[in-house]
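Colleague: Quick one: the structure is below, and I'll ask about it shortly.
Rule-based calculations on the coordinates, nothing more; no lab input. Everything numeric in this text was worked out from a predicted model, so none of it was measured. Every residue, glycine among them, receives a Cβ derived from its backbone with ideal geometry; neighbour counts consider all protein chains shown.
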Amino acid sequence: MSRVKTPEEIQKEFYNQCFSTLDYWLEVDRTERDKMEGFLFSIFSMLDGCSGALPGWIVAPDPHPTDKDYAVECGEETYWPENHEVKIAGNLSGGLHELMGHYLKAYKADR
């Protein structure tokens, strides 16, 4: 019977796609700048849903709840839209940088 992927399964697939994309661009015979631009383009393509392995992703700002009031208080002309109360199934945001080491270690162990 089919089921929704768990947050851990989503994280693992997302990180593995990022790491395999990194491995690819490290092996390409190009300048460092070209490799970095290629890697960024690949990540943006992945987020847009142009990677065969993953769906498109929702990417939206999620400022701290007090940011709007602070921007208004400081006389800023604009402030970020608030999305912190929006419930998104499978949301990866908020801890990507903290979890990277864990998933990188697992990715390397599986290779």
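Colleague: Can you tell me the length gained on complete extension of the stretch residue 80 to residue 105, counting 0.36 nm per residue apart and subtracting the Cα distance?
Modeller: Working: separation 25, 0.36 × 25 = 9.00 nm, distance 3.48 nm.
This chain segment gains 5.5 nm when fully extended.
Colleague: With an 8 Å Cα cut-off and a minimum separation of 6 or more residues, compute the relative contact order for the chain in percent. Don't skip to the end; give the middle numbers.
Modeller: Numbers: 72 pairs, mean separation 30.8, N = 111.
28 percent.
Colleague: Now for a different question. Taking the number of other C-beta atoms within 10 Å as the exposure measure, put 67, 34 in order starting with the fewest. Don't jump to the answer; show the numbers that get you there.
Modeller: On the way: 67 16, 34 12.
Result, fewest neighbours first: 34, 67.
Colleague: Further question on the same structure: Could you order peptides 73-79, 105-111, 52-58, 40-46 by the average number of other Cβ atoms within 10 Å of their residues, highest first?
Modeller: On the way: 73-79: 8.6, 105-111: 10.3, 52-58: 12.0, 40-46: 14.6.
Order by mean packing, descending: 40-46, 52-58, 105-111, 73-79.
Colleague: If you average 1/r over every pair of different alpha-carbon atoms in the chain and take one over that average, what Kirkwood value in Å do you get?
Modeller: Working: mean 1/r = 0.0602 Å⁻¹.
Evaluated over the chain, this radius sits at 16.6 Å.
Colleague: Angle check, please: helix 7-27 long axis (alpha carbons) against the longest principal axis of the chain (alpha carbons), in degrees 0 to 90, nearest 10.
Modeller: Orientation of helix 7-27: about 60 degrees from the principal axis.
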